[in-house]
């Protein structure tokens, strides 16, 4: 599955914080479904780090980031069909702090490592 142009534009309009609030729950849910407990914890920790970091930032401009509840739900549904690597790619942002960027990279590596380990264990 892939995002169509309209959904890519909708996602691109969002601030990093808003994108994270849509994408991270999808990643967390995927980690739970795939039985990746360390990755699930890493996703929760990243969510907490982003919340803490943005609590100290200036408030968002509401007119720049308006999206209806229906649009958010539809976008979240589309994101649920994407691969984890694509979700993480869509989560990355230059405006995120270096610590958040590093945590995103760690989450990506953690999910890949833990997922590979689970596959290896299942094939033995």
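Quick one: angle between helix 16-33 and the longest Cα principal axis of the chain, in degrees between 0 and 90, rounded to 10, please.
For helix 16-33, the angle is close to 20 degrees.
Suppose a student asked you for the relative contact order of segment 5-123, using Cα pairs under 8 Å spaced at least 6 residues apart; what percent would you report?
On the way: 72 pairs, mean separation 45.7, N = 119.
After rounding, I find 38 percent.
What number, rounded to the nearest 500 deg cm²/dmol, is the helix-based mean residue ellipticity at 222 nm of the chain, given -39500 (n - 2.57) per DSSP H run of at least four residues and division by all its residues?
Theoretical 222 nm ellipticity from helices: -24500 deg cm²/dmol.
Rounded to the nearest 0.05, what FRET efficiency is calculated for residue 117 and residue 89 with R0 set to 25 Å and r the Cβ-Cβ distance?
Working: r = 22 Å, r/R0 = 0.89.
Once the sixth-power term is evaluated, E becomes 0.65.
With springs connecting C-alpha atoms under 10 Å apart, model the chain as a Gaussian network and identify which of 97, 15, 69 has the largest mean-square fluctuation.
Largest GNM mean-square fluctuation: 69.
Just how far, in whole angstrom, is segment 14-39 from segment 63-113 if you go by their alpha carbon centroids?
7
Any idea how far apart residue 34 and residue 99 come out in nm if each label point goes 7 Å out from Cα toward Cβ?
2.7
Just so you know, all these numbers are worked out from the coordinates, no wet-lab data involved. Bear in mind that the values here come from a model prediction, so they are computed numbers and not experimental data. Counting neighbours? That spans all protein chains shown, and the Cβs are built from the backbone with ideal geometry, glycine included.
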